[in-house]
Amino acid sequence: MPQSGDLDMTRRGLLLGTAATAALTAAPFRAPARAATVGETAMPPPATRPATPVLTPVLSKVAFTVNGQRHDLELDTRTTLLDALREHLHLTGTKKGCDHGQCGACTVIVDGQRINACLTLAVMHEGGSVTTIEGLGTPAKLHPMQAAFVAHDGYQCGYCTPGQICSAVAMLDEIKAGVPSHVTADLTARPQATVDEYRERMSGNICRCGAYSNIVDAISDVARREA
Amino acid sequence: MKFDIPATTNPIDRLTVVGKPTDRIDGPLKTTGTATYAYEWHDVAPNAAYGWVIGSAIAKGRIASLDLEAAKAAPGVIAIVTADNAGPLGKGERNAATLLGGPEIEHYQQAVALVVAETFEQARAAASLVRIDYAPAQGAYDLAAAKGSAEKTKAGDSVVGDFTGAFAAAPVTLDQTYGTPDESHAMMEPHATLAVWEGDRLTVWTSNQMIDWTVTDLSETLKMPKEKVRVISPFIGGGFGGKLFLRADALLAALGARAAGRPVKVGLQRPLMINNTTHRPATIQRIRIGATRDGTITAIAHESWSGNLPGGAEETATDQTRLLYAGPNRLIGNRIATLDLPEGNALRAPGEAPGMMALEIAMDEMAEKLGLDPVEFRIRNDTQTDPADPDRPFSQRQLVQCLRIGAERFGWSKRNPQPGQVRDGRWLVGLGMAAAFRNNLLTKSAARVRLDRNGMVTVETDMTDIGTGSYTIIAQTAAEMMGVGLDKVAVRLGDSSFPVSAGSGGQWGANNSTAGVYAACVKLREAVAQRLGVNSADARFADGQVVAGNRRVPLAEAAGADGLSAEDGIEYGDLDKKYQQSTFGAHYVEAAVDSATGEIRVRRMLAVCAAGRILNPKSARSQVIGAMTMGVGAALMEELAIDKRAGFFVNHDLAGYEVPVHADIPHQEVIFLDETDPISSPMKAKGVGELGLCGVGAAVANAVHNATGVRVREYPITLDKILDRLPAVG
């Protein structure tokens, strides 16, 4: 187990790393004409540089279930839930599109709610229950939403698809649970299962191939059959 | 198989499998997360180390010093690759800038180092310790400023008749300039590669549209024999032209794996991608049209300016104007300036996509000047031959039919030609249309087809499926040719150990790759007939059987214990010289503009396409709606913003570079005309995946104009460009 001293050192390293990242972004804005050299990082020159930050990984134990199966892991605390799934559990159905919560390709269902797995650290999910695309259905036994995506051709390259499907499944549950959205006209009434609601609520899942029209058809199909 | 005379009746014409709307055969894999993409080959390389790419922090200049010490000492670091230690590298002919920069820097976020570590987190952390000092140089980053120094391109201008004289004499003229911005592919799967060395042999599992190009360019860059490089790419999470070429992920993974002495995988970090890879270059386009008062075009000129790195090509935004409309006096050409932005290159429908965005606004403006309906104006200027060569007909050209059918189905007759008149509550509503046009390109393509003793047909070709549906149309082709059901066909793609195909790009994939499979199947049918001792011309392949005269033999039995295999490809004669082969369509759009805020919403979209035989109407329709979606993005939101001092694209991720989301896109309609083109290939098909993008942006722009009366000639049409010119709210 890590000692508290290690944690302190790591925090300092983290802060240094953060400063360097900020400088990296800022550097190109300097007018080249006035700058003979542009340092990539904000670190001082070697003479005054502090001791090299210690970046020894801090490992932490965490246990959660994925698709009904319990996993006991010891992970670098920096590991996102997304990388825990993909790189440690080899559940690569959950996709990394941006790693910054911008695209939705990594959408999984955690404790009943859809989240971007890239925006959450694995160690935050002690005792949690994760459902990924692999947990919804298999090629031989498709979940109704997966089957509807195939039937309506609600995908092309397939890379956003697991995220779209996980998102769609959880999204229909949100409507059933009465959670309103930006396009819900009457916040005091139950939200309706309409294509406008689907489009609004699915807008965190980007599909660059542009299968949206078909995805909404697939979702509508499943919602109709569930109703 | 040489295809040099138009196709006659062949087994594909039976259309028992081909031409039927068919669910993708790879659908169950893609929808369950079991299709394996480039970064996901754990079973191949369970011990793969992780690479993190460092991009240059300047756009042009030199690396003054590079300090790797702290990074090397960081936990888990195995190797750091830079141009200093990578050994001598060549450059593939398809790359303008080198993929591993240093000491010279050619563009912002050109890769300058790869940090390889035991874990992803360690590689990322160590990369922050690499210290690089740069000596920046002045660069050119502003197309408008560089326009004056632009030069004519090697292709030269297309000059017909006397444009200047005819334009001066024309009673009705238009002379306008249009702008399209730099755009990004923004495919969902970042460029990614796993590289594995076995001795001096290299295998990369990557995400790439053109397998053979990449084998060629990777071996040239690494200065090693082509035979020792294998590229595998069975699933590709979108490409749109961004994965046509060898890129930094594959080169750096290979170099990293060599340095680390073990497999290495590299995914380009999303914030790095846009400046590190290629983009669609911005254009400035001047269009002049002269016409008689009845709307007959007498003079047309289209010039386009774009910029690129030295060695990069121009955006061929004027090319469709050579072919789309009649007119005896023509001046058409592209100009290129040197810019030090990241490399400009193909993005879905290069040339035509931005070119049609400009041309089809110009046609709308001209129709308005003439007092003609824009559909009618286009129909009046249709041509059935190449306008520069009346002896060269189009193989098929149903533009007029597309326009008319679209107008009827969309309710075009209800459009108020007077802009800014139609209200729906707070919304101003307008209809717009544009023609669609994209050339059909022929390129040779080969395949191997095996028949085993169970009657199973397996197709192998290095063709790729980038979401286009290649797996399925190739299976349909083999099923049709061999007379079996789709369940008896297996398709293996994206591996350089398979015969070289057309690959995916320029909407050439579907027609050429299936024609290659057709050729291989013809050969396999001959082998089957030969084994049965019958004349292949007399043998009929249907229902899993070969029927010849009185004999009826199951295909499995004909295959024999060892099975049969055949390899062949399609190559083309000069039918694309004798005939102009193009695809046509019409886009119709209804847009609503908030009368107070200028917010633009697309309400309805229809595309009518004439693109030869449609091999799988289901996936072809998806190609078109996807292109229409991308066209909405190009019209309304997509723009790489340039920092013109430092020379980079500022909005370099999926938060800053806005692409359409669900809420932006209405239900979309697509109609395919019943067409076969026997001049294109034995499949009688043509491309369709890019046609759907060509013109749609202008249709949106024209709908916004019809809704508001505001004409925007600088894409994207964001609300700030219309807000101060909207009709008074009342």
Query raised in the report: For residues in the stretch B:388-420 being of a type in the set (S, T, N, Q) and either surrounded by fewer than 18 Cβ atoms within 10 Å (Cβ to Cβ) or without any contact (Cβ under 8 Å) to a residue 40 or more places away in the chain (or both), which is nearest to B:HIS587 (Cα to Cα)?
Result: B:GLN401
Query raised in the report: Could you say which residue among B:THR82, B:THR98, B:THR31, B:THR9 is free of Cβ contacts under 8 Å to residues at least 40 places away in the same chain, crowded, with 24+ Cβ neighbours inside 10 Å and not aliphatic (A, V, I, L, M)?
Result: B:THR31
Requested in this report: Would you check if there is a residue in the stretch A:167-182 being part of a loop (DSSP other than H, G, I, E, B), crowded, with 20+ Cβ neighbours inside 10 Å and in contact with a strand residue (DSSP E or B) (Cβ under 9 Å, 6 or more places away or on another chain)?
Outcome: no
Query raised in the report: So which residues in the stretch A:148-175 are charged (D, E, K, R) and free of Cβ contacts under 8 Å to residues at least 12 places away in the same chain, if there are any at all?
Result: none
Query raised in the report: Just for the stretch A:100-150: of the residues that are among the hydroxyl-bearing types (Ser, Thr, Tyr) and facing chain B (nearest Cβ under 9 Å), which one is farthest from the chain's Cα centre (by Cα)?
Result: A:THR138
Query raised in the report: If you check B:SER622 against the conditions, is it part of a loop (DSSP other than H, G, I, E, B) and either among the acidic types (Asp, Glu) or assigned by TED's automatic domain parsing to the domain that holds B:ARG404 (or both)?
Result: no
Report summary line: Taking the stretch B:431-457 and the residues there that are over 30 Å from B:VAL602 (Cα atoms) and of a type in the set (Lys, Arg), the one that is surrounded by the most Cβ atoms within 10 Å (Cβ to Cβ) would be B:ARG448
Requested in this report: Would you point out which residue out of B:LEU370, B:LEU441, B:LEU341 is in contact with a Gly (Cβ under 9 Å, 6 or more places away or on another chain) and closer than 30 Å to B:PRO6 by Cβ?
Outcome: B:LEU441
Report summary line: With the first residue restricted to the stretch B:114-141 and required to be more than 7 Å from chain A (Cβ to nearest Cβ), and the second required to be surrounded by fewer than 20 Cβ atoms within 10 Å (Cβ to Cβ) and among the charged types (D, E, K, R), Cβ contacts under 7 Å at 6 or more apart or on different chains are B:TYR141/B:LYS644
Report summary line: Conditions (1) touching a Lys or Arg at 6+ places or on another chain (Cβ under 7 Å); (2) surrounded by 24 or more Cβ atoms within 10 Å (Cβ to Cβ); (3) part of a helix (DSSP H, G or I); (4) among the hydrophobic types (A, V, I, L, M, F, W, C) -> B:ALA663 fails only (2)
Requested in this report: Examine the stretch B:215-223 for a residue that is in a loop (DSSP other than H, G, I, E, B) and more than 18 Å from B:LEU99 (Cα to Cα), and state whether such a residue exists.
Outcome: no
Report task. Kindly establish whether B:VAL130 is surrounded by fewer than 20 Cβ atoms within 10 Å (Cβ to Cβ), farther than 16 Å from B:ASP340 by Cα and out of contact with any His (no Cβ under 8 Å at 6 or more places or on another chain). Result -> no
Report task. Would you check if there is a residue in the stretch B:62-82 being under 30 Å from the mean Cα position of the chain (by Cα), more than 7 Å from chain A (Cβ to nearest Cβ) and of a type in the set (A, V, I, L, M, F, W, C)? Result -> no
Query - Near pairs, Cβ below 6 angstrom, 6+ apart or cross-chain, from the stretch B:657-681 (within 9 Å of chain A (Cβ to nearest Cβ)) to any residue that is among the acidic types (Asp, Glu) - result: B:ALA663/A:GLU200
Report task. Taking the options B:ASP653, B:ASP677, name whichever one is surrounded by fewer than 24 Cβ atoms within 10 Å (Cβ to Cβ) and part of a loop (DSSP other than H, G, I, E, B). Result -> B:ASP653
Query raised in the report: Can you find even one residue in the stretch B:521-542 that is surrounded by fewer than 19 Cβ atoms within 10 Å (Cβ to Cβ), among the small types (Gly, Ala, Ser) and assigned to a strand (DSSP E or B)?
Result: yes
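The values are calculated or read from the model by the stated rules, or taken from the named source; none is laboratory data. Fair warning: this is a prediction, and the values are worked out from it, not measured in the lab. Quick reminder, even Gly has a Cβ in these numbers, built from the backbone with ideal geometry, and neighbours come from all protein chains shown.
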